[in-house]
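Here's the structure we're looking at; comments come further down.
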Amino acid sequence: MAAAWLESAEAALNAVLGDYLERRGNALAIEMSLFHDGAPLVVTADALRSAHARMSSRIVVLVHGMAMTEACWSFSREPAQSYGALLRDELGLTPFYVRYNTGRRISHNGKDLALLLERLVDASPVPIEEINLIGHSMGGLVVRSACHHGEQLGLSWIRRTRRAFYLASPHLGAPLEKAGHLLSLALGAIDEPVVRLTHTLADLRSAGVKDLRHGTLLDDGAALPLCAGLAHYFVAGTLTGTERHWVAQLFGDSLVRLGSATDPGRRAGLPADHFVVLAGVHHMELARSPAVYAKIRDWFGPSPGEPEPRGSAAGPRVAEEEPVPPLKHRAGTLERLDAYRALLQDAVEEGTTAVQQVHEELAARPYDSIELFPPLRPPVKLVRAAHFAAVRVAYDAIRGVNRVVGTALHEGIAWLKDERERRPLPMGTLSGTTSEIAARRPQ
């Protein structure tokens with residue numbers, strides 16, 4: 001339970017600061033990967049065969065929304081049940097769950113998902129002939145971006161893809177981020193030091209959050225049509241028991257409005273029955289609702305036989321200049337502790353500097369006023385210089401202590417890691433990651 005809570009907290013942290021964590025090389029930045037039974041699934045034939053002993057040639061890939069993990073798909077009253085598990089049991093599809101850093105740009109996550117799916121197709125012990133994609137909230141936008149990159153890079157998996165389901169995905173943007181952007185603009189227009197500091201804090205929102213303002217799928221902000229050649233399905237929810245209620249029309253499912261989730265602009269090119277509004281199902285429940293699953297199951301239609309692949313199984317491969325990086329091992333306890341240490345040290349360093357700037361600007365105002373009187377100007381300048389020197393010494397001391405303590409903690413954690421690697425684990429002890437345990441096991 002504690003581990004699940006910590007993973008949820010780190011997913012939320014990634015949503016807010018994920019792009020920053022990635023730039024800093026912080027171990028808390030989540031790397032996109034497949035997850036199985038709460039652990040990363042290495043994309044190799046042996047690992048896939050071990051995770052899915054009866055792997056099918058038909059798969060479904062589930063992509064969670066912002067600040068979530070793959071745990072969001074578990075039904076509230078039946079944690080072992082999910083859309084993936086039900087589709088496996090009823091239609092024979094093999095489910096794969098994606099975890100990723102939702103603070104990164106949607107376009108970057110989309111490209112990584114496209115490359116990950118290509119690795120999955122290449123490594124599968126069973127030839128994959130049908131792929132279905134389900135994205136909740138931001139996950140639906142990542143799915144759309146992945147399809148775009150799959151086409152642009154000439155990847156084979158896109159030709160095997162049959163269906164894409166978008167559950168409460170903000171195709172036209174999310175109102176909370178629109179409001180956050182307006183607030184940031186308003187704060188930025190006020191030339192007051194404390195307000196500017198507040199604006200700086202408000203503007204720390206991650207690139208992933210900012211992409212939700214307009215449902216941006218490309219770095220240049222250009223509109224992106226739905227991928228051709230597969231069926232697209234849209235699901236929206238409401239807070240009220242009827243979609244006609246003014247609350248439903250204004251707030252939708254609480255986070256995504258009806259128009260954004262169903263994107264009326266798409267209706268001209270798609271059958272009307274590819275859009276559904278489920279009244280009374282709020283945003284988070286759309287990822288784990290029996291009513292939503294019933295609709296998804298209905299859209300799949302009768303259980304088919306093994307389908308023919310769409311297009312030739314062979315085809316253009318990912319170019320050599322687009323290598324797929326290997327999956328890093330999952331950060332162990334000490335690595336994550338050091339990552340928190342680094343994040344806290346950065347926060348103190350940058351926060352101290354920001355507060356110092358506000359302090360100095362406010363402190364300068366009375367001196368500026370007094371110096372308007374020529375007789376008082378010389379002594380006031382001396383007092384001012386001494387005052388500001390003392391202020392800077394104080395803030396420099398805070399930053400200095402922060403760096404010393406941070407370095408000491410880093411060195412201490414590094415020593416503990418070295419000690420752990422030198423000493424084999426006692427029998428029955430589970431500490432660190434699977435790869436770390438294997439590396440320390442006596443040969």
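What follows is calculated from the coordinates using simple rules that are stated; it is not laboratory data. Everything numeric here is computed off the predicted structure, so don't read it as measured data. Neighbour counts are summed over all protein chains in view; Cβ atoms, including those assigned to glycine, are modelled from backbone coordinates with ideal geometry.
Observations on the model:
- Descending by average beta-carbon neighbour count within 10 Å, the peptides 408-415, 28-35 line up as 28-35, 408-415, the highest first.
- Protection proxy ranking for 229-242, 39-52, using the average of other Cβ atoms within 10 Å per residue and placing the highest first: 229-242, 39-52.
- Counted charge near residue 102, where neighbours are those whose Cβ lies closer than 14 Å (Asp, Glu -1; Lys, Arg +1): -4
- Sorted peptide list for 360-371, 166-177, criterion being average Cβ within 10 angstrom, highest first: 166-177, 360-371
- Region 69-97-region 380-402 distance, computed between alpha-carbon centres (Å): 59
- Hits among lysines - C-alpha to C-alpha of residue 111 under 30 Å, sequence gap 8 or more where chains match: 178, 210, 295, 328
- Matching label, volume of the Cα convex hull per residue in Å³ computed from the structure shown, candidates (1) 149; (2) 133; (3) 190: (3)
- Over region 1-120, the hull volume per residue, using the convex hull of the C-alpha atoms, is 113 Å³.
- Measuring between their Cα centroids, region 238-255 and region 356-371 lie 50 Å from each other.
- Calculated [θ] (222 nm, deg cm²/dmol) that DSSP helices of n ≥ 4 give over the chain, each run adding -39,500 (n - 2.57): -16000 deg cm²/dmol
- Axial C-alpha extent at least 27 Å, average Kyte-Doolittle at least -0.5 - helices from the chain (DSSP): 2-23, 333-370, 377-422
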